[in-house]
Ligand code: FES
């Protein structure tokens, strides 16, 4: 059956067509916005959307380390991007010639307890790290001896650049 000019349309048929057309329009609009919009936002934001969590912390000359003992290093630096500035602070323990290792090798451990983030303390006499918050204990390689810490102290990558030992945070 055809509609003649001036004849009223059947409400049910025309309504369904309009609804489907409207849904199709909005799906196409949203998909286009997502396809074109996400890269545009990433481009405009530049590096500010990238995670800014890593940094090489200078420890000093490797010659200053006492073989077999840890040196503690407190670090503080600021990471800036387009939108924000983040202050990073922390504690690192570094030892030259790790057990089983050779000269020129280093063991760098994060001084942050893996339980709830307190700073651990190194005891040369006891040859272990103790956490003052909940009595967590770690051995000289950072492995958990006892207490609530769920995992070892985080081992950090090291490198020597222009005679300066650095640890990767
Ligand atoms: S924070 Fe170190 S044992 Fe709880």
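Summary table below
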{"read-out": "For segment 56-168: rounded, prolate or oblate by the Cα gyration tensor [a/c cutoff 1.5]", "value": "oblate"}
{"read-out": "Estimated FRET transfer efficiency when R0 is 25 angstrom, pair residue 139-residue 159 (beta carbons, to 0.05)", "value": "0.50"}
{"read-out": "Extension gain (nm, one decimal) between residue 146 and residue 55, 0.36 nm per residue minus Cα-Cα", "value": "29.7 nm"}
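Only the coordinates and a few stated rules stand behind these numbers; no lab work does. The structure displayed is predicted, hence computed values, not measured ones. With ideal geometry, Cβ positions are generated from the backbone for all residues, glycine too; neighbour counts draw on all protein chains shown.
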